[in-house]
Amino acid sequence: MKTDSLKEQLRRTTRRDLWLTVAPAALIIGIAFAVTFYFVKPAPPMKLVLATAQDEGGFRYFAKKYQESLARHGVTVEIQQTKGSVTSVEHLSGEQADVAFVQSGTADEKKAPGIVSLGSLSYVPLWVFYRGEPIDDVLGLKGKRIAIGDAESGTHALARTLLSVNGADQAPTELLPLGRDAAIEQLKKGQLDAVFIVAPAEAPAIQKLAVEPGVRLMSFARGEAYVRRYPYLSKLVLPRGVFNFAADIPERDVVLLAPTANLVARDSLHPALAYLLMRTASEIHGSAGLLDRSGEFPAPLETGFPLSSEARRYYQAGIPLLQRYLPFWAANLVDRLWVMLVPIIAVVVPLGRAVPALYLWRVRSRIFRWYARLKEIELQLEENPGREMLEDMMKRLEEAERAVNRIPVPLAYAENLYFFREHIDVVRRRLSRRLSGAPESRELVVAQVTAS
């Protein structure tokens with residue numbers, strides 16, 4: 001029964017020691033991980049809403065390409081049709097969409113804060129087709145009937161800007177907000193004098209209009225002046241004969257003004273998705289075209305919106321290392337969890353070493369405090385006490401030994417208990433010699449034990 005009682009006492013003491021050493025360490029580790037989790041980036045959503053105009057800059061075609069490419073990475077793209085770049089920007093501002101294709105010059109960060117650019121994707125030239133005598137600038141369109149695109153389109157905004165700066169937007173000039181297809185049909189029938197179209201050079205509608213009898217393509221003689229005034233425009237040269245070598249179409253080099261097609265997003269877009277979108281843009285828009293050189297796009301050109309921090313790093317350093325070698329989901333997982341190494345290295349590893357040492361100290365401390373009693377007896381022994389005091393010292397020594405023997409000590413640390421008993425025997429032998437009156441031999445008493 002007594003043995004069982006000692007075993008139970010040992011179990012209770014061991015549990016208490018473990019709690020007193022492990023619990024504070026666990027609390028510190030928990031706090032460290034909680035603080036770290038605060039800085040861990042959340043997982044990216046696996047669905048994106050892409051706003052794009054149907055008849056602008058080939059955006060509908062590119063939207064399908066992005067949808068197919070991102071699906072291979074497990075990201076679903078919902079294409080949201082809009083009336084034009086102006087509406088697409090509004091959808092972003094109203095958080096109805098995550099990303100959008102927009103034409104440069106449509107809006108800027110002052111009109112639509114909270115939107116950032118992921119880069120320009122391609123040139124989408126402004127084509128001005130007209131009937132009548134040759135003219136070399138929109139200045140010659142005064143007094144004409146002109147189709148300038150839907151009211152919410154980027155084409156409409158750009159046409160308004162160019163006509164206004166030349167004073168060609170006032171009566172008797174008639175500006176008609178017609179869609180592209182309707183405007184082309186009316187120009188062919190002679191019901192319009194000119195149309196403004198923003199589209200890639202590869203667009204079939206552009207190449208068909210270029211060979212339409214009686215329809216001319218305007219070459220901007222003051223192209224350099226426009227790009228100096230409006231940084232979101234570029235001056236391009238459409239080479240002679242590029243549409244049709246045999247028919248020599250166009251029959252001369254044509255100077256074009258070109259805004260860019262741009263990928264813009266809300267500034268809250270998850271960084272992992274931003275990198276994935278730019279990687280996709282490089283795959284889709286990196287090849288050469290009639291007006292684009294290979295590798296020219298995507299590029300951090302002027303769009304009216306600030307370049308996102310992810311886009312800046314992408315254009316400086318390329319695809320992030322993890323996304324080069326790992327699938328999107330795996331790269332994102334590793335990128336999110338690497339920060340968990342901080343508490344492991346800074347907290348868990350040191351505590352992993354400290355907790356066993358602290359537990360050992362607690363076990364030893366219950367024995368070590370009896371060394372003060374042992375040392376006290378030994379010092380008194382040096383003072384040549386009388387027989388009565390020697391008997392009292394022997395009694396105290398026996399009491400100390402019995403008390404220490406009752407201390408519950410795990411088996412792994414039992415050597416500390418036996419060391420103490422050996423030291424008691426050394427002092428007991430000295431006391432016994434004094435009590436028997438035998439001469440005491442000179443011996444070294446080791447009664448100090450360090451806590452290490």
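The values are calculated or read from the model by the stated rules, or taken from the named source; none is laboratory data. Predicted model only: the values in this text are computed from it and were never measured. Cβ: placed from backbone, ideal geometry, glycine included. Neighbour counts: every protein chain shown.
Being part of a loop (DSSP other than H, G, I, E, B) and touching an Asp or Glu at 6+ places or on another chain (Cβ under 8 Å) is the filter here, so list the residues in the stretch 202-257 that pass it.
Selection gives MET218, SER219, PHE220, ALA221, ARG222, PRO231, TYR232, PRO239, ARG240, GLY241.
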Select from the stretch 143-181 the residues that are among the charged types (D, E, K, R) and surrounded by fewer than 16 Cβ atoms within 10 Å (Cβ to Cβ) and write down the one among them that is modelled with the highest pLDDT.
-> GLU174
The stretch 301-313, subset over 12 Å from the mean Cα position of the chain (by Cα) and of a type outside the set (A, V, I, L, M, F, W, C), residue farthest from SER104 (Cα to Cα) | ARG312
Filter result for ASP267 (modelled with pLDDT of 90 or more and either buried (at least 22 other Cβ atoms within 10 Å of the Cβ) or not hydroxyl-bearing (Ser, Thr, Tyr) (or both)) | yes
From the list ALA199, ALA182, pick out the single residue that is assigned by TED's automatic domain parsing to the domain that holds LEU139, farther than 20 Å from LEU257 by Cβ and within 46 Å of the chain's Cα centre (by Cα).
-> ALA182
Any idea which residue in the stretch 236-267 is nearest to the chain's Cα centre (by Cα), counting only those that are of a type in the set (Lys, Arg) and over 30 Å from GLU90 (Cβ atoms)?
-> ARG240
Sole residue being outside any helix (DSSP H, G or I) and within 30 Å of ASP108 (Cα to Cα), chosen from ALA171, ALA183 = ALA171
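Within the stretch 3-11, is even one residue of a type in the set (Ser, Thr, Tyr), at pLDDT 75 or above, in a helix (DSSP H, G or I) and over 25 Å from the mean Cα position of the chain (by Cα)?
No, the stretch 3-11 contains no residue that is of a type in the set (Ser, Thr, Tyr), at pLDDT 75 or above, in a helix (DSSP H, G or I) and over 25 Å from the mean Cα position of the chain (by Cα).
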Please state which one of ILE344, ILE367, ILE284, ILE319 is modelled with pLDDT under 80 and within 30 Å of SER234 (Cα to Cα).
-> ILE319
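Name every residue in the stretch 222-254 that is among the basic types (Lys, Arg) and within 21 Å of GLU202 (Cβ to Cβ), in order of residue number.
Within the stretch 222-254, the first condition is being among the basic types (Lys, Arg), and the residues that meet it are 222, 228-229, 235, 240, 252.
Residues satisfying the conditions are LYS235, ARG240, ARG252.
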Kindly provide the set of residues from the stretch 131-156 that are under 51 Å from the mean Cα position of the chain (by Cα) and in a loop (DSSP other than H, G, I, E, B), ordered by number.
-> ASP136, ASP137, ILE148, GLY149, ASP150, ALA151, GLU152, SER153
Cβ pairs under 7 Å, 6+ apart or interchain, first in the stretch 53-81 and over 16 Å from SER120 (Cα atoms), second surrounded by 13 or more Cβ atoms within 10 Å (Cβ to Cβ) and of a type in the set (Gly, Ala, Ser), ordered by first then second residue, are ALA53/GLY84; ALA53/SER85; ALA53/SER88; ALA53/SER153; ASP55/GLY179; ILE79/ALA63; GLN80/ALA51; GLN80/ALA97
